[in-house]
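Read-outs throughout are calculated quantities, based only on the coordinates presented, and are distinct from any laboratory measurement. Quick caveat, the model's predicted, so the values are computed rather than measured. For neighbour counting, all protein chains shown are included, and Cβ atoms are generated from backbone atoms with ideal geometry for every residue, glycine included.
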Amino acid sequence: MGISNLSRKRSPLTTVQSFSTMQPRLCFVGSMLGKHAGYPPDYAETLAHLFTQTGYSVKLVSCAPYRLLRLADIVSSLIAWRNQTDVFLINVHSGKAFGLADAASLTAKWLHKPVVLMLHGGNLPDFSRRHPQWTRRVFSRAAAITAPSRYLAERVPLPQTAHIIPNVIPIENYPFRLRRRLQPRLMWMRTFEAAYHPLMAVETLRLLLKSFPHAHLTMAGQDQGLLEQVQKQIVKDHLEKHIRLAGYLNNEKKLQAFSQHDIFLNTNRIDNMPVSLIEAAACGLPIVAANVGGIPFLVQHETTALLVESGDARGMANAVRRLLSEPELAERLSQNGRRLAESFTWKRVQAQWEELFAQLLQR
């Protein structure tokens, strides 16, 4: 079920000279479920699309919907594509997904192909501490390791220095609207699961209604076990008229939602470098975020966001009140947020990836 031949085929790179003068043929490996309804595209899928547009030969694996099928698809595809690929770029997440990275990296090393491990997920530092031998074994197979922020690069024990290559967004697709005098229209967009603490957003809205009775919150995202609990809490607090559960939003609906709201909430207990935060900033929404994981490595308090303690709904509600009553603060966060998002353009990130490819060759 791997997706191959996303761009035109290129001749094999058989010498150092040919590698240095031609684009390496890439294969991105991980859970590529973006083609299935209700699943957001994995970041590797976004990268693969951008490299394809740039003229690279790119393959993707795997879009198989079940983990065991993905594992089999990954191993068989890597073997089948061994003469059509120069670099394997493997997604690394914590939990059960780490097993895919283990199998893929082992297969690639057996094929004598350079492996780039791409670290993702705010829980990876804790996972590495709990499984030191397993993670050390997998990380040792890498010719290079990348991380989207200093948070993972510094907090995950690695056998080599990670290359910090940030996430990318197509900034031209995100229309900017400067916010100054805000309305209490709040937006929350993540998966409904414990790590993202959606109930904190509900409590924040409940507290905010005491001083802004017309406040409204839209919550968007895929259910991963907590949606029913959120629904029950909304009914319990009599918030049905103030909270809309929008479900999963595709790109068009997501941009429409950004345009209709004024403040973005990020309530995560664990996080790394959420693309949703960068997307909201690109559209000019001032951000209020829990100060956890990689968030303080991404945004600065009172410069590009307002940061509150993890789980502190009262603090988050107070931060929203500040934005609603201090237009200068809202305008500063809105402008600086857009500038921050502009640092994640493909032109800048592509150059960093190509520098890494050149370093792999030199080794």
(Q) Give me, ordered by chain and number, the residues 5 or more places off Ile164 or on other chains with an amide H under 5 Å from its own placed amide H. (A) Ala147
Q: Take the stretch 152-261, drop everything but the C-alpha atoms, weight them equally and run the Debye formula without solvent; then report log10 I(q)/I(0) at 0.14, 0.15, 0.20 Å⁻¹ to two decimals.
A: -0.72, -0.79, -1.09
**Q.** √(5λ) per eigenvalue of the Cα gyration tensor, the stretch 172-342, largest first, Å
**A.** 22, 17, 16
Q | Segment Ser343-Glu172, extension gain: residue separation times 0.36 nm, minus the distance between their alpha carbons | A | 60.3 nm
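Over 19 Å between C-alpha atoms is what I'm after, so list which of Lys35/Lys96; Lys35/Lys59; Lys59/Lys113; Lys35/Lys254; Lys35/Lys253 land there. Before the final figure, lay out each step's value.
Details: Lys35/Lys96 21 Å; Lys35/Lys59 15 Å; Lys59/Lys113 15 Å; Lys35/Lys254 17 Å; Lys35/Lys253 17 Å.
Beyond 19 Å between Cα atoms: Lys35/Lys96.
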**Q.** Most mobile of Leu245, Leu217, Leu60 in a GNM of the chain (Cα contacts under 10 Å)
**A.** Leu245
Q. Taking the highest mean first, how do the peptides 317-329, 113-125 order by number of other beta carbon atoms within 10 angstrom per residue?
A. 113-125, 317-329
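Using helices alone, what [θ] at 222 nm do you get for the chain, with -39,500 (n - 2.57) per DSSP H run of 4 or more residues, divided over all residues and rounded to the nearest 500? Write down the numbers at each step before the final one.
Numbers: 15 runs with 155 residues, N = 363.
Counting only the DSSP helices, I get -12500 deg cm²/dmol.
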Q) Taking only Cα atoms, what is the 0 to 90° angle, nearest 10, from helix 313-325's long axis to the longest principal axis of the chain? A) 70 degrees
Q. How are the C-alpha pair distances of the chain spread across 10 Å bins, as whole percents from the shortest bin up?
A. 5, 24, 32, 23, 12, 4, 0
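Among DSSP bridges having both ends in the chain, what percentage is antiparallel? Round to the nearest 5.
If we restrict to bridges inside the chain, about 5 percent are antiparallel.
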Q: Taking the chain as the reference, fit the longest principal axis to its C-alpha atoms, fit the long axis of helix 227-236 to the helix C-alpha atoms, and give the angle between the two in degrees, 0 to 90, nearest 10.
A: 0 degrees
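Give, rounded to the nearest 20 debye, the magnitude of the charge dipole that the stretch 172-342 has about its Cα centre when Lys and Arg contribute +1 at Cβ and Asp and Glu contribute -1 at Cβ.
Here the size comes out at about 480 debye.
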**Q.** Table column - 3J(HN,Hα) (Hz), the stretch 135-142, Karplus curve with 6.51, -1.76, 1.60, x for Gly and Pro
**A.** 5, 4, 5, 5, 4, 5, 7, 7
Q. Using a simple charge model, +1 on the beta-carbon of Lys and Arg, -1 on the beta-carbon of Asp and Glu, nothing else, what dipole does the chain show about its Cα centre, in debye to the nearest 20?
A. 440 debye
Q | Kirkwood Rh in Å, taken over the stretch 286-363 so that all alpha-carbon pairs contribute | A | 14.4 Å
Q.
At a threshold of 8 angstrom on Cα-Cα distance, excluding pairs fewer than six apart, so keeping six or more, what relative contact order does the stretch 111-196 reach in percent?
A. 25 percent
Q.
I'd like the orientation of helix 198-208 relative to the chain: the angle between its Cα long axis and the longest Cα principal axis, in ° from 0 to 90, rounded to 10.
A. 20 degrees
Q) Separation of the stretch 37-112 and the stretch 176-224 by C-alpha centroid, Å? A) 35 Å
